[in-house]
Amino acid sequence: QVMVVESGGGLVEPGGSLRVVCAAAGNIACISAMSWYRQVPGKERELVATITHGGSQTYAGSMKGRVTLFREKNRLYLQMNSLKPEDTATYLCKADPKMDEVTCLHRETWGQGTQVTVSS
């Protein structure tokens, strides 16, 4: 019912900024929250930020204080600032379902990710 697609990744200098975008499609009404994660090979997937349907935002991990979420229509943006080489990762978008809606599939949806590389 729901699909998400990430975009906006690329190469950025250390200390620079980058904005990645998660576009949601399908049954948007079935989404309770959307999150940005990041992952590098051999490491655990790390939560970066979450926004609920009501607009509540939560930031986590080492990027807290350096990232900001904002939503426009069906797109969720992650503004990343003061980027460091260790921020290099695949950034993934996840949509969580409304578990109290019987008409919604009770299964989270992941995008394929967008690559962010921080290097000089």
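The values are calculated or read from the model by the stated rules, or taken from the named source; none is laboratory data. Everything numeric in this text was worked out from a predicted model, so none of it was measured. When we count neighbours, we look across all protein chains shown, and the Cβ atoms used for this are built from the backbone with ideal geometry, even at glycine. Surface accessibility is based on the protein's heavy atoms, side chains included, excluding ligands, DNA and RNA. Shrake-Rupley method; radii C 1.70, N 1.55, O 1.52, S 1.80 Å.
Of the GluC sites (Glu not before Pro) found in segment 10-106, those in coil by DSSP whose Cβ has at most 15 other Cβ atoms within 10 Å are 44, 101.
Taking all protein chains together and a 1.4 Å probe, the residues 84, 43, 98 rank 43, 84, 98 from largest to smallest accessible area.
Label zone (residue 45, point 7 Å along Cα-to-C-beta; backbone nitrogen cut-off 19 Å) within segment 1-34: 1-9, 20-25, 31-34.
Heavy-atom accessible surface of segment 1-111, averaged per residue, reaches 54 Å², computed with a 1.4 Å probe.
Only protein heavy atoms count here; on that basis, with a 1.4 Å probe, residue 59 has an accessible area of about 60 Å². Solvent-accessible surface of protein heavy atoms, probed at 1.4 angstrom with all chains present, puts 51, 28 in the order 28, 51, largest first. The Rg/Rh ratio for the chain is 0.98, where Rg is the radius of gyration of the alpha carbons and Rh is the Kirkwood radius. Of the Cα atoms belonging to segment 68-120, the radius of gyration and Dmax stand at 14.9, 50 Å. Only protein atoms count toward the accessible area here, which uses a 1.4 Å probe; on the chain, the carbon and sulfur part of that area reaches 50 percent. Residue order by solvent-accessible surface for 119, 35 is 119, 35, largest first, with ligands and nucleic acids left out and a 1.4 Å probe.
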